[in-house]
Amino acid sequence: MIREMSKQDFVQFWPTFHQVVAAQETYAFEPDLTCEQAYTLWCETALNSFVYEEDDEILGSYYIKPNAMGPSRHICNCGYMVSTRARGKGIARKLCEHSQQTARESGFSAMQFNSVVSTNQVAVNLWQQLGFAIVGTLPKAYRHAKLGLVDSYVMYKWLNENNET
């Protein structure tokens, strides 16, 4: 069900990506990105991108990349999107669990989400259920299309159970 994303997969995923970004409720991406720009952002600048596929339909995706370089390269960053019609089915949970395993296998010790929009309570609650902590609040950091300026959270999870670096 979860596998690496191809360029063709992204083309199939593009309507979901565009819908999520254009809504300006959860992602700090330019709402008028082209499919090619979005592919570069989601797939080419990432270490890797994956899809959740069911019955030949792409229902969700995530990317994984280093959050920083040098002495902080042991921390990764991920982004997740699920199609509207597939929400509430546990796909984001499966993607996040998969990404944590991928992160460990890729040598990352921690995962950080840099800007979780505070009004996205479904995501905030899920990330907390999966062991992420809110380690910072960025006041009025996101211009929500319907609510105006809202806070964003920095969320973090140490992945290495043995506390190794």
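Can you tell me which residue is farthest from residue 93 (Cα to Cα) among those in the range 34-72 that are hydroxyl-bearing (Ser, Thr, Tyr) and part of a loop (DSSP other than H, G, I, E, B)? Top of the filtered list is 34. For residue 121, the conditions (1) free of Cβ contacts under 8 Å to residues at least 12 places away in the same chain; (2) in contact with a Lys or Arg (Cβ under 7 Å, 6 or more places away or on another chain) all hold with the exception of (2). Summed over the range 73-96, residues that are of a type in the set (A, V, I, L, M, F, W, C), open to solvent by 10 Å² or more (accessible area, probe 1.4 Å) and part of a helix (DSSP H, G or I) total 1. Answer yes or no: is there a residue in the range 97-113 that is under 23 Å from residue 16 (Cβ atoms), assigned to a loop (DSSP other than H, G, I, E, B) and of a type in the set (S, T, N, Q). No: the range 97-113 contains no residue that is under 23 Å from residue 16 (Cβ atoms), assigned to a loop (DSSP other than H, G, I, E, B) and of a type in the set (S, T, N, Q). Of all residues in the range 116-149, those satisfying the criterion of being buried (at least 18 other Cβ atoms within 10 Å of the Cβ) and either within 16 Å of residue 78 (Cβ to Cβ) or touching a His at 6+ places or on another chain (Cβ under 7 Å) (or both) are 116, 117, 120, 123, 124, 127, 132. Taken over the range 97-108, the residue count meeting the criterion of being crowded, with 22+ Cβ neighbours inside 10 Å and free of Cβ contacts under 8 Å to residues at least 12 places away in the same chain is 0.
The values are calculated or read from the model by the stated rules, or taken from the named source; none is laboratory data. Just so we're clear, the structure is a prediction, and the values are computed from it rather than from any experiment. Note that we place each Cβ from the backbone using ideal geometry, even for glycine, and neighbour counts take in every protein chain shown. Heavy atoms of the whole protein, side chains included, go into the accessibility calculation; ligands, DNA and RNA do not. Shrake-Rupley method; radii C 1.70, N 1.55, O 1.52, S 1.80 Å.
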